[in-house]
1. Give me the number: length gained by fully extending residue 133 to residue 396, i.e. 0.36 nm times residue separation minus the C-alpha to C-alpha distance, one decimal in nm.
2. Taking the highest mean first, how do the peptides 378-391, 341-354 order by number of other beta carbon atoms within 10 angstrom per residue?
3. Please state the shape class of segment 213-409: rounded when a/c is under 1.5, otherwise prolate if a/b exceeds b/c and oblate if not, all from the C-alpha gyration tensor.
4. What FRET efficiency comes out for residue 345 versus residue 194 if R0 is 45 angstrom and r is the Cβ-Cβ distance? Round to the nearest 0.05.
5. Just grab the label-to-label distance for residue 63 and residue 125, each label 7 Å out from Cα along the Cβ direction, in nm (one decimal).
6. Give the long-range amide H neighbours of residue 75: residues separated by 5 or more places, or on another chain, with amide H under 5 Å away, using H modelled in the peptide plane at 1.01 Å from N.
7. Measure off 7 Å from each Cα along the Cα-to-Cβ vector at residue 35 and residue 418, then give the distance between these two points in nanometres to one decimal.
8. Starting from 0.36 nm per residue, how many nanometres of slack lie between residue 278 and residue 241 once their C-alpha separation is accounted for?
Amino acid sequence: MATEQMKMPQLGESVTEGTISKWLVSPGDHVNKYDPIAEVMTDKVNAEVPSSFTGTITKLAAAEGDTLQVGEVFCEIEVEGSAQQSAKAEEAPAQDEAPAPDQTNVDQSQKKRYSPAVLRLADEHGIDLATVQGTGAGGRITRKDLLKLIESGGAKVTAAPASERTSQKEPAQSTQGKAAPSIPSMPGDVELPVTPIRQAIAANMLRSKHEIPHAWTMMEVDVTNLVTRRNQLKDQFKAKEGFNLTFFAFFVKAVAQALKEFPEMNSMWAGDKIVQKKAINVSIAVATDDALFVPVIKDADEKTIKGIAKEIHELAFKVRQGKLKQSDMEGGTFTVNNTGSFGSVQSMGIINYPQAAILQVESIVKRPMIVNGMIAARDMVNLCLSLDHRVLDGLVCGRFLQRIKQILEGIDEETSVY
């Protein structure tokens, strides 16, 4: 018999850590390869992690609610193997017992990249992160490093608290890692526990605001003809297709077409380069009572309005039924958020990291407008764009919005949704 280690997988692009939301096994349980062993929550997806081996669970290295870095061991499985394999396993030192490498001779490029979980622990225990040797990739300090330090009694404050230290060369006043203030509860107050999914959302939003220099711009669009055309088609469409023809499908199609013409908008910041993505994969925000998910419409520029409407319907159904898969959340290159669905007329969205922009489609409202020198009631909508100013400038964003405006205002009674 030999013991194998299961490590935290990377459940999506740019994902660096995951939270164990629920264990599906216990020590002593027998599992087959590909059996689910845990539910893991990241800032992008809630997914079941399958076993990589057939054998018996011998150790769970993390508790429910714990956050682990990608690549960290989270459970051990005893599997059947050859005598030679077992002998090698016995001769080799355990991973946790391996001598620490000489930190002066290894890559330390990631040492100052602190995850929210690491910053939170450092603040709670007064640990000076500059004095901690990280065992993660590139010298990065992991949550496990801090827990080991705390358990050994070696957590001492030798400088400013972690929340006052720099991260990725950010200003010293950065509050990314500050512990939440102590707020006393008064009679009648209700205390709600922070769920793993809410923690993941908070971490991703904080990272986006902390790392991305946001800028905003807005454009007003006359969608009177769009409203007329959609209302002409909606009943017949629903009877034929079995799902609704929404206004949002028209907006997503217009955005996808404009992204094809302005590929700069379909980019991501990668430190020493800007990656312009070929595929146009539009992320859409879908909310439940307690969480926000961002599934992806793949190759949206190649789909018709009907095809996009169908995917919006299917993805929203999966979210609300708890059936969204990891693959449904991956690969997004630009986000469109239907904030108008609850009556908003103007908002400034936080960019879905690591994308470079997010478009908020606001509520369509009747307003008096001047048309050919006369006052007329028109259906108007605000399109609010948040942009990463490292990647994008006002000129290209203005032209991008102008193009979307042109597409939407060009819809007429001849426009096909097929």
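Readers should treat all values here as calculations from the given coordinates under stated rules, not as data from a laboratory. As the structure is a computational prediction, the values presented were derived from the model and not from experiment. Cβ placement follows ideal geometry from the backbone for every residue including glycine, while neighbour counts extend to all protein chains displayed.
1. 90.3 nm
2. Averaged packing, sorted descending, gives the order 378-391, 341-354.
3. Cα axes put segment 213-409 in the oblate bin.
4. My answer for the efficiency is 0.90.
5. So the label points at residue 63 and residue 125 sit 1.4 nm apart.
6. Amide H neighbours of residue 75, under 5 Å, 5+ apart: 6, 61.
7. The modelled label-to-label distance comes out at 5.0 nm.
8. 10.3 nm is the gain from fully extending residue 278 to residue 241.
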